[in-house]
Amino acid sequence: MYFICFSNILKIFRIPVLICTVVLCSSWGFFAHRQINNHAVFSLPKGMIRFYKSNIDFVTAHAVDPDKRRYVDTMEAPRHFLDVDRYGINPFDHIPEKWKAAVAKYSENTLKKNGIVPWQIEKSYYALVKAFQARDSLRILRLSADIGHYIADAHVPLHTTENYNGQLTNQVGIHGLWESRLPELFADQYDYIVGKVKYIKDPLREAWKIIRHTFHYKDSVLMIEANLSKQFPADKKCSFSKRKGKLVRNYSRAYCRAYHAALNGMVERQMRASILAVASFWYSAWVDAGQPNLANFSSGVASDQERKHAEKEEQCYKKGRIIGREEEH
Ligand SMILES: [Zn+2]
């Protein structure tokens, strides 16, 4: 991991904002990521729920760590997405599901350029199984928070396309609109009772299943906004709001409401699917580890080294600039 604080190096060139852009630097938005990890806890079965409930603040707060790492770790960015459409027509017929076979076919560089989220989910999963086996509660919680993030990202349609921020179709800003602005405005109306967890036999296959399903929403996400944008009065599309004490131009509430309605429950469906998938992955890792008794596991207490590391990440995140794609993944 490389720590690079850009704050002293870069004075970010600011381009006048002529379009509505949601000023965010996260995937699903920090709000939605926290909601997803938080609600996943309540889908866990007996034997797990007590431990996770007593650490719910941790898994909720750390749901956004992978996005914060994108400010300090050069390796982090590709873990959050997969540009499926870079692999041609019928892309899922071409991309080998297994990492080694995919590397052999496309090279590691190409895969990283196009995003690696399904393989990251697999990697985090087996690390979580090991953490359960080692009865390392802090690691269990960290990895649970991390995998929750990556699984949630895999449910965002704009994380599966090279047109991730509508930049190829004159829809710049749509990424933050879909995954941040809409959940922030409407998530309190969603139903978060998502049902019982299921055991996942093959985590990699399941990750691919999620990606395939997410990708099939991609055209609707873009087309519905494009159509709405044409019909909606141009002077009502944006409004100003305060964010971190600054006035920012953003999509207006009326525009968000119209887009949200036209999506016909898609954001809620994807949030609910994320919650259930996160809980199911946590549960399956615990099962694969032999269902260790979590009753006497302590809450996570960070070592000095880990605390320093986390503080450094936080500082770089606060001052820094994202490494890799700006704000969209
Ligand atoms: Zn992310």
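Values in this text are rule-based calculations from the coordinates and carry no lab data. Bear in mind that the values here come from a model prediction, so they are computed numbers and not experimental data. Counting neighbours? That spans all protein chains shown, and the Cβs are built from the backbone with ideal geometry, glycine included.
Points worth noting:
- Stokes-Einstein D (µm²/s) once Rh is taken as the Kirkwood radius of the range 148-253 over alpha-carbon pairs, at 10 °C in 1.306 mPa s: 99 µm²/s
- Rough spin-label spacing in nm, given labels placed 7 Å along Cα→Cβ, for Asn109 and Asp57: 4.8 nm
- Lys pairs under 28 Å by Cα in the range 185-243, provided they are eight or more residues apart or on distinct chains: 11
- Length gained when the stretch Tyr126-Lys201 is fully extended (0.36 nm per residue, less Cα-Cα span): 25.7 nm
- Residue order, fewest to most beta carbons within 10 Å, for Met266, Met75: Met75, Met266
- Once you divide the Cα radius of gyration of the range 171-218 by 2.2 N^0.38 Å, the number left is 1.53.
- Subtracting the Cα-Cα distance of Leu185 and Lys246 from their residue separation scaled by 0.36 nm leaves 20.1 nm.
- From phi via Karplus (6.51, -1.76, 1.60), per-residue ³J(HN,Hα) for the range 217-228 in Hz, x at Gly/Pro: 8, 4, 5, 4, 3, 6, 5, 4, 5, 4, 5, 4
- At 1.002 mPa s and 20 °C, Stokes diffusion of the range 129-188 via Kirkwood alpha-carbon radius, µm² per second: 156 µm²/s
- Residue ranges 123-136, 272-285, 184-197, 227-240 sort as 272-285, 123-136, 184-197, 227-240 when ordered by packing (mean number of other C-beta atoms within 10 Å per residue, highest first).
- Cα-Cα P(r), the range 29-319, percent of pairs per 10 Å interval: 6, 27, 34, 24, 8, 1
- Summing +1 for each Lys or Arg and -1 for each Asp or Glu among the other residues whose beta-carbon sits under 9 angstrom from that of Arg86 gives -2.
- For Cys238, residues with placed amide H under 5 Å, excluding near neighbours: Ser252
- Taking the C-alpha atoms of the range 224-281, convex hull volume expressed per residue in Å³: 101 Å³
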